[in-house]
Amino acid sequence: MTEFVDGWIFGHTLGEGAYGEVKLLLNKSTGEAVAMKMIDLEKHSDARQTVRKETAIHRMLSNPNIIQYFGKRSEPNMEYIFLEYAAGGELFDRIEPDVGMPAWEAQKYFRQLLAAVEYLHSKGVAHRDLKPENLLLDENDNLKISDFGLATMYRFQGRERCLERRCGTLPYVAPEVLLRPYHAEPADVWSCGIILVALLAGELPWDQSLAECPEYMAWTDGKYMSLTPWKKLDTSSLSLIKNILVHSPSSRYTIKSIKQHRWFAKKFQKAGGTDGYIRPDEIDSRQTLEDENLTRFCLSQPELLRITNNAVQINLEEQSGFSFSQPAHIEDLLVCTQVQNKQLTQTSQQNTYQRLVRRMTRFFVKTELETTVERLINCLDSENYTYRINDCRTITISSVDRRKMPLVLKANIVEMDGKILVDFRLSKGCGLEFKRRFIKIKTKLDDIVLKGPVTWPIAVATECIP
């Protein structure tokens, strides 16, 4: 870990975007953390204007469901944007592929999403790239909209303009965006509707909302009831979605109409019961199922720094490129490298790794480093992946999804206390497709995956030495 400015050091990579990386930045004295978006202007000469627009919009926003903007720093060849660190990871990590999540959980996130979008529209701002990958969660599991790179002002001093730029992520883009000048608010509402489908069904309804797409035409023609994802949905949620995903933007539900719908207003229960209400003392029995079925894979963001006085050091042989992914809950993983001796410290906490490994896109293996890499490469070859291995024991895996769009994964091979950890994260592409690929790769390596009780403690920092 290197020092960025006096008192602040680089942490791990949180994610990657079209223009650069997002890294964790830690205060050596207080442990305070922020996310720092780095834009390389040498590689992307057109990015400076985009950054100027993004920061101008983001700095005017203040809402509990929107990532907070702290400021930016400009250098000749680099732009830095400082943002609130979202300790809970990304929303798509909470979606089980082809299953989704319970209705109460989907409703919670959807309500918070609508509240944030309503606030944006009140400020005359259109996001234009709403999707689960751009929705983060804080340490209290509250949703926060991020990534304002495609955002724009569509209303100023009471005057509204139509938008013309065709942008966004195709499965989430409203049909009018692809065809002609469009109004901002209905287009964002459409994207919210697609997100709701993903939350409830664990899949996207179509590749794009055009006549060339048979799934979309089946929807517009009313010939969808026997098709997935629609047959997975109950009558109430389907009724709401049918009113959101209306081809004509003038007939589409507004945010006000959505909030008045019975599905949006209903109080869902978390677990078993018949009254339809959430009891404060009710235990969510789905937790056990999540541990067994790998429904909460989390990545992207390492956990915040925590200070403890009881520590025993372990040596990671100065492994460069060491990176953990974002845990589903705060207590699951805490990682910080000491600057002076480049060692991690650890504190005892029973069964933490068992829970951590089962929940995330990572697993420990029984095999040695060389054998692990060989097995993983054989698996990638059998699935016709393109890949490359760098000196940091990171394998970059390239493919395309079913829409023929790029999908890039990264597998970090980490030696830890005599064991090997294989840690996957998404670099580019669809989050749901990434999770499907991870499950398939892990299944093929099942015979070497370490199973049974794992009681190793979590890694935490005792202090950050100046």
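What to note about this one:
- Entries of K43/K428; K231/K256; K131/K223; K410/K435; K123/K256 with Cα pairs more than 22 Å apart: K231/K256; K131/K223
- Amide H contacts for A87 (H built 1.01 Å from N in the peptide plane; partners 5 or more residues away or on another chain; cut-off under 5 Å): E139.
- Hydrodynamic radius (Kirkwood) for region 142-181, which is based on Cα pairs only, to one decimal in Å: 12.1
- Shown for region 77-179 is the translational diffusion coefficient from the Stokes-Einstein equation, using the Kirkwood radius over Cα pairs, a temperature of 25 °C and a viscosity of 0.890 mPa s: 159 µm²/s.
- Reachable lysines from K366, criterion Cα separation under 18 angstrom, eight or more residues apart if same chain: K419, K442, K444, K451
- Alpha carbon convex hull of region 379-437, projected area averaged over orientations, nm²: 4.5
- Among W8, W230, the sequence by solvent-accessible area, most first, with a 1.4 Å probe is W8, W230.
- With the convex hull drawn over the C-alpha atoms of region 113-254, the volume per residue is 115 Å³.
- Phi to ³J(HN,Hα) by Karplus 6.51 cos²θ - 1.76 cosθ + 1.60 over region 205-220, Hz, x for Gly, Pro: x, 7, 6, 6, 8, 10, 4, 6, 9, x, 5, 6, 5, 4, 5, 5
- Evaluated with a Cβ-only charge set (Lys, Arg +1; Asp, Glu -1), region 1-123 carries a dipole of roughly 500 debye about its Cα centre, given to the nearest 20.
- Cross-link reach list, lysines versus K28, counting only Cα pairs under 24 Å and skipping chain neighbours closer than eight places: K37, K72, K342
- Amide H contacts of V246 (H built 1.01 Å from N, in plane; Pro and chain starts excluded): Y253 sit under 5 Å, all sequence-distant by 5 or more or on other chains.
- Under-5 Å amide H pairs with G15, H placed in peptide plane, nonlocal only: V22
The values are calculated or read from the model by the stated rules, or taken from the named source; none is laboratory data. Values in this document were obtained by computation on a predicted structure and should not be read as measured data. Quick reminder, even Gly has a Cβ in these numbers, built from the backbone with ideal geometry, and neighbours come from all protein chains shown. To get the accessible areas, we keep the full protein, side chains included, count just its heavy atoms, and leave off ligands, DNA and RNA. Shrake-Rupley method; radii C 1.70, N 1.55, O 1.52, S 1.80 Å.
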